[in-house]
């Protein structure tokens, strides 16, 4: 198909079959599973997914590509194995997928909405069981929070902690810019977020407390965590929580792992709600 990529939609079409297969392998859809594909584009990944999954639901914003895919995959549509939606994924309601019981999300998405998509689906009332995403290499490294050279744990960020609150992020592979047409100016990476759930939270209030703490903790990166948290909590409560969690009073937000953030949120939640 001859389709000029639209810069306004952040389009870069993946052409590397090896990478396409790695994405599909990471998601590992089976004939009895449903896959939600975001931004199918010219359908290269769609074809691979249709060969593995029981059903593919694809959301494409580009009207021209939507019409192309509707024709190209008419057979799969007629077989009730492929649902094609012309729309904006940020306006899509995951609740419509509850009928299927569970789903896996796969996306080669415009980088300017990466954060919005991750937040939308991880915090959704009906979460995917897994997400496999193509993102900027730098963003992938930040989410996994590992030193790319040594593989050792690196500094955390508000993004990495938010992702780890719901699932386990894994760096799958680096994708060179030449794997796309047109080629972007930077390399990309495929990440997988598995075991997605709300098991770390007691309830909705606990979830809210967790993110209030994380947002406050990372609000001023150069300041120590205790100082940042005192903007929303009583100083005595901050000191008690950090002491009980074995967290140094001079620690910064980026020094804490997910287990420490979860401890802090549970401690503060218990103090606030008397549990």
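Taking residue 25 as meeting all but one of (1) within 23 Å of residue 116 (Cβ to Cβ); (2) surrounded by fewer than 18 Cβ atoms within 10 Å (Cβ to Cβ), write down the number of the exception.
Looking at each condition in turn, residue 25 falls short on (1).
Tally up the residues in the range 35-65 that are touching a strand residue (DSSP E or B) at 6+ places or on another chain (Cβ under 8 Å) and without any contact (Cβ under 8 Å) to a residue 24 or more places away in the chain, please. Even if it seems obvious, please write down each step before you answer.
Going residue by residue through the range 35-65, those that are touching a strand residue (DSSP E or B) at 6+ places or on another chain (Cβ under 8 Å) are 35-42, 44-46, 49-50, 53-61, 63.
This time we only want the ones that are without any contact (Cβ under 8 Å) to a residue 24 or more places away in the chain, so: 63.
Count: 1.
Any idea which of (1) under 29 Å from residue 161 (Cα atoms); (2) without any contact (Cβ under 8 Å) to a residue 40 or more places away in the chain; (3) not in a helix (DSSP H, G or I) is the one residue 80 doesn't satisfy?
So the condition that residue 80 fails would be (1).
Scan the range 185-197 and tell me whether some residue there is surrounded by fewer than 14 Cβ atoms within 10 Å (Cβ to Cβ) and at pLDDT below 95. Show your work before the answer.
Let us first name the residues in the range 185-197 that are surrounded by fewer than 14 Cβ atoms within 10 Å (Cβ to Cβ), namely 185-186, 195, 197.
If we keep only those that are at pLDDT below 95 as well, we get 185-186.
Checked against the condition, which is being surrounded by fewer than 14 Cβ atoms within 10 Å (Cβ to Cβ) and at pLDDT below 95, the range 185-197 yields at least one hit.
When the residues of the range 171-184 are filtered to those that are in contact (Cβ under 8 Å) with a residue 40 or more places away in the chain and in contact with a strand residue (DSSP E or B) (Cβ under 7 Å, 6 or more places away or on another chain), which remaining residue is surrounded by the fewest Cβ atoms within 10 Å (Cβ to Cβ)?
For the range 171-184, the residue satisfying everything is 181.
Kindly establish whether residue 67 is within 23 Å of residue 113 (Cβ to Cβ) and in a helix (DSSP H, G or I). Full working, then the answer.
Values: within 23 Å of residue 113 (Cβ to Cβ): yes; in a helix (DSSP H, G or I): yes.
Spelling it out, residue 67 is indeed within 23 Å of residue 113 (Cβ to Cβ) and in a helix (DSSP H, G or I).
Pick out the one residue from 90, 105 that is in a helix (DSSP H, G or I) and either closer than 24 Å to residue 195 by Cα or not assigned by TED's automatic domain parsing to the domain that holds residue 181 (or both).
On the way: 105 fails: in a helix (DSSP H, G or I).
Checking each option against the conditions leaves just 90.
The values are calculated or read from the model by the stated rules, or taken from the named source; none is laboratory data. Computed from a predicted structure; not experimentally measured. In this analysis, Cβ positions are derived from the backbone assuming ideal geometry, glycine residues included, and neighbour counts consider all displayed protein chains.
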